[in-house]
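The values are calculated or read from the model by the stated rules, or taken from the named source; none is laboratory data. The shown structure was predicted, so the numbers you read here are calculated from the model rather than taken from an experiment. When we count neighbours, we look across all protein chains shown, and the Cβ atoms used for this are built from the backbone with ideal geometry, even at glycine.
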Amino acid sequence: MSISLKRAGAIFVKDYKEFSRNYAVSIMLIFPIIFAFLLRGTGPSLVGAFGLVLNISFVILTSFAQACLIAEEKERNTLRSLMMTPATTMDVLIGKSSLVFVMSAVVLAIATYIYGYEPVGIWAFVAAIMFSIILYTAAGTICGLFSKTLLEASLSIIPVSIVFTGAPYAGMLLADDFPIFKVLEYAPNIQLVRLLNISNTASTTGDLLKPLLIILAWAVVLTIVSVVLYQRRLKDE
Amino acid sequence: MQFQPMYYDGELIVPKIELNMRSSQSIGIITDLKRKQFLMNQLVNHSQYYLFRAGQSEYMRLTVEELITFLIKVTERNEHVDLLMDYFSLKEERKVKIKDLSSSKRMYVTLLRVFFAHQPTLVLEEPYFYLEEQDRRQFKRILDDLLKEKQVLILTSNLEDALISCDAIYRLNEFGFHQLDIRDSEEDKHEVLKQDEANITLQKISTKRNDKMILFNPPEIDFIESIDGSILVHAGGENYDCALTLTELEQRLLNFGFFRCHRSYIVNLQKVREIITWTKNSYSLRLNTGKDAVVPLSRSKLHELKALLNI
């Protein structure tokens with residue numbers, strides 16, 4: 001399948017203009033910054049506070065924006081029309097995902113700055129954030145595919161937030177009583193929290209690498225699933 | 001273009017249809033909603049057919065110019081956006097967001113997607129339905145230019161819409177698939193019936209409806225059309241079957257100010273309000289009746305009509 005950067009770029013620009021003028025959705029951009037601002041004072045006393053900021057932001061910004069972008073195109077039948085142009089499914093996905101990626105990266109960078117978090121290894125931190133954005137973009141794509149309208153897309157974010165944010169945290173609390181919940185240790189958001197909590201003194205490359213690889217594995221699996229689903233769903237229409 | 005027969009509830013809905021489409025030809029099929037869906041669902045080959053469905057909507061928050069720019073880029077064409085905006089005559093709406101356009105203009109802009117199609121055949125569902133007259137004319141002009149290289153199939157439920165821009169028109173209904181006769185009358189041999197000079201002039205036109213015989217005074221009649229060989233007399237927004245042929249009716253009604261404006265139409269000139277010019281070669285007559293009725297006017301008959309009305 002051919003991929004054209006020109007077509008993907010056209011979709012990027014078009015979606016940027018649409019998104020920035022849709023205030024109901026683009027207001028989500030400021031929530032991570034507000035969270036960072038509110039939780040700034042807690043400092044080191046609340047372990048994992050910054051991890052919480054990031055994990056919530058991924059769902060309400062990255063996944064939500066991607067799901068809305070896809071669902072809105074479906075709602076207006078413009079996606080079907082796009083399929084009849086030379087633009088391929090990959091062009092459309094890359095155009096949309098790169099917009100969401102750039103927005104998430106910029107907003108999270110600002111949030112990190114405001115919170116005042118200083119990572120141990122800056123590259124490990126950046127890589128973890130990038131993998132996570134890709135992972136949540138893929139989750140958003142799947143949400144968008146299963147919703148027909150913008151309204152459904154915003155509701156479909158709730159299961160994502162339960163699966164990727166709520167459940168692992170709750171599971172970790174119960175893990176001492178029910179060892180079965182130890183599996184949730186491998187959820188991407190817990191791994192991200194682990195990575196953020198590695199302290200300066202006792203860190204080795206191995207410590208940093210393990211959570212990174214787990215997040216990367218999640219991102220790869222979900223991306224493949226979303227691309228396959230995307231192509232299958234569009235064939236049905 | 002070929003359509004496979006379709007069955008629905010054990011009944012034949014769409015017979016097997018074979019359309020020999022020559023290039024630069026536009027064909028109209030007049031049919032109902034369900035059959036339109038059935039036909040379009042068969043045209044899934046995206047490299048061959050560009051489907052424009054009636055439910056198509058547009059990116060509402062872009063301006064018209066941004067939309068055209070996007071369509072140029074995404075279809076990888078080399079046109080310049082300013083030239084195209086001129087060609088579409090959208091100069092004034094350049095900076096207007098699509099959601100702020102009037103509904104007719106919005107539909108017109110949405111229809112422009114077919115201009116960017118690379119497929120050799122364009123299939124349009126109800127293209128003229130939501131358009132006002134000026135936008136119809138614009139879109140017909142664009143479609144005529146597209147026809148130089150492509151084939152166009154228009155699916156509509158409205159005969160007047162199909163008449164605007166189709167070379168051949170078919171009707172698809174429970175009786176099957178039949179071509180309508182819309183050729184200009186100059187081509188066919190007038191089988192002029194030398195009517196016997198009757199001593200008494202028949203004043204009434206007899207029609208049938210629900211097995212009742214209804215007699216009309218000629219001035220009551222708005223227009224008469226021939227569909228699939230049967231004659232329909234339109235009066236007061238209703239239509240009635242008539243057993244006479246158009247040629248017979250034409251001769252009877254000549255003295256009452258009726259005019260054969262088209263091979264399949266006779267119109268009461270007393271009720272004509274407006275002559276609509278779609279392009280140089282296609283015209284319609286708008287009638288001054290309660291219901292908004294439009295009757296096609298052949299090019300060859302235009303001069304005759306002008307002479308008759310002294311214009």
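Residue count for region A:78-88 satisfying the condition of being facing chain B (nearest Cβ under 7 Å) and surrounded by fewer than 18 Cβ atoms within 10 Å (Cβ to Cβ): 2.
Determine whether region B:146-158 contains at least one residue that is assigned by TED's automatic domain parsing to the domain that holds B:Glu11, in contact (Cβ under 8 Å) with a residue 60 or more places away in the chain and acidic (Asp, Glu). Write out each step before concluding.
Initially, region B:146-158 is screened for residues assigned by TED's automatic domain parsing to the domain that holds B:Glu11, giving B:146-158.
Okay, now just the ones that are also in contact (Cβ under 8 Å) with a residue 60 or more places away in the chain, so B:147-158.
Restricting the remaining residues to those that are acidic (Asp, Glu) gives B:149.
Yes, the conditions are met somewhere in region B:146-158.
Beta carbons closer than 7 Å, at least 6 apart along the sequence or on distinct chains, pair a first residue in region A:51-63 that is free of Cβ contacts under 8 Å to residues at least 60 places away in the same chain with a second that is polar (S, T, N, Q) for A:Leu61/A:Ser104.
Confirm whether A:Ile214 is part of a helix (DSSP H, G or I), over 21 Å from A:Glu72 (Cβ atoms) and aliphatic (A, V, I, L, M). For A:Ile214, the condition - part of a helix (DSSP H, G or I), over 21 Å from A:Glu72 (Cβ atoms) and aliphatic (A, V, I, L, M) - is met.
For B:Gln119, the stated conditions do not hold, so it cannot be described as of a type in the set (S, T, N, Q) and part of a helix (DSSP H, G or I).
Evaluation of B:Arg94 against the conditions (1) charged (D, E, K, R); (2) crowded, with 18+ Cβ neighbours inside 10 Å; (3) more than 10 Å from every other protein chain (Cβ to nearest Cβ) shows that the sole unmet condition is (2). Out of everything in region B:104-137 that is polar (S, T, N, Q) and either touching a strand residue (DSSP E or B) at 6+ places or on another chain (Cβ under 7 Å) or surrounded by 20 or more Cβ atoms within 10 Å (Cβ to Cβ) (or both), what residue ends up being farthest from the other protein chains (Cβ to nearest Cβ)? Restricting to residues being polar (S, T, N, Q) and either touching a strand residue (DSSP E or B) at 6+ places or on another chain (Cβ under 7 Å) or surrounded by 20 or more Cβ atoms within 10 Å (Cβ to Cβ) (or both), the top hit is B:Thr121.
Being within 28 Å of B:Ser57 (Cβ to Cβ), among the small types (Gly, Ala, Ser) and assigned to a helix (DSSP H, G or I) is true for just one of A:Gly51, A:Gly41, A:Gly95. Which residue is that? Walk me through how you get there before you give the answer.
Working: A:Gly51 fails: within 28 Å of B:Ser57 (Cβ to Cβ); A:Gly41 fails: within 28 Å of B:Ser57 (Cβ to Cβ).
It is A:Gly95.
Among residues of region A:6-24 being within 11 Å of chain B (Cβ to nearest Cβ) and hydrophobic (A, V, I, L, M, F, W, C), the one that is farthest from the chain's Cα centre (by Cα) is A:Ala10.
Could you list, in sequence order, the residues of region B:282-311 that are out of contact with any Asp or Glu (no Cβ under 9 Å at 6 or more places or on another chain) and among the basic types (Lys, Arg)?
The initial filter retains those residues of region B:282-311 that are out of contact with any Asp or Glu (no Cβ under 9 Å at 6 or more places or on another chain), namely B:282-283, B:290, B:292, B:297, B:302-311.
Correct list: B:Lys306 only.
Could you tell me which of the residues B:Arg22, B:Arg35 is assigned to a loop (DSSP other than H, G, I, E, B), more than 14 Å from chain A (Cβ to nearest Cβ) and either in contact with a Lys or Arg (Cβ under 8 Å, 6 or more places away or on another chain) or charged (D, E, K, R) (or both)? Let's see the steps before the verdict.
Numbers: B:Arg35 fails: assigned to a loop (DSSP other than H, G, I, E, B).
Result of the check over B:Arg22, B:Arg35: B:Arg22.
Does A:Val59 qualify as being out of contact with any Asp or Glu (no Cβ under 7 Å at 6 or more places or on another chain), part of a helix (DSSP H, G or I), within 14 Å of another protein chain (Cβ to nearest Cβ) and among the aliphatic types (A, V, I, L, M)? No, not satisfied. Check B:Leu62, B:Leu71, B:Leu101, B:Leu67 and return the single one that is surrounded by 12 or more Cβ atoms within 10 Å (Cβ to Cβ), closer than 29 Å to A:Ser26 by Cβ, touching a residue at least 24 places away in the same chain (Cβ under 8 Å) and more than 14 Å from chain A (Cβ to nearest Cβ). Being surrounded by 12 or more Cβ atoms within 10 Å (Cβ to Cβ), closer than 29 Å to A:Ser26 by Cβ, touching a residue at least 24 places away in the same chain (Cβ under 8 Å) and more than 14 Å from chain A (Cβ to nearest Cβ) holds for just one of B:Leu62, B:Leu71, B:Leu101, B:Leu67, which is B:Leu101.
Of all residues in region B:280-309, exactly one satisfies the criterion of being farther than 20 Å from B:Glu238 by Cβ and among the acidic types (Asp, Glu), namely B:Glu304. When we screen A:Lys210, A:Lys235 for residues that are modelled with pLDDT of 80 or more, of a type outside the set (A, V, I, L, M), at negative phi and loosely packed, with under 14 Cβ neighbours inside 10 Å, the only hit is A:Lys210.
Out of B:Ser89, B:Ser57, I need the residue that is within 20 Å of A:Arg76 (Cβ to Cβ), touching a residue at least 40 places away in the same chain (Cβ under 8 Å), part of a loop (DSSP other than H, G, I, E, B) and over 22 Å from the mean Cα position of the chain (by Cα). Which one?
Numbers: B:Ser89 fails: within 20 Å of A:Arg76 (Cβ to Cβ).
When all the criteria are applied, what remains is B:Ser57.
Scanning region B:214-247 for residues that are among the charged types (D, E, K, R) and at pLDDT 85 or above, we see that the one that is farthest from B:Pro296 (Cα to Cα) is B:Asp241. Of the residues making up region A:93-129, those that are more than 21 Å from A:Ser161 (Cβ to Cβ) and either in contact with a Cys (Cβ under 9 Å, 6 or more places away or on another chain) or modelled with pLDDT of 90 or more (or both) are A:Leu93, A:Ile94, A:Gly95, A:Ser98, A:Leu99, A:Val102, A:Val106, A:Ala109, A:Ile110.
Somewhere in region B:127-145, is a residue of a type outside the set (D, E, K, R), part of a helix (DSSP H, G or I) and under 20 Å from B:Ile227 (Cβ atoms)?
So in region B:127-145, the residues of a type outside the set (D, E, K, R) come out as B:127-131, B:134, B:138-139, B:142-143.
The next check asks that each one be part of a helix (DSSP H, G or I); those that pass are B:134, B:138-139, B:142-143.
Subset that is under 20 Å from B:Ile227 (Cβ atoms): none.
The answer is no; no qualifying residue exists.
Inside region B:238-297, residues that are in a strand (DSSP E or B), touching a residue at least 60 places away in the same chain (Cβ under 8 Å) and among the aliphatic types (A, V, I, L, M) make up a count of 4.
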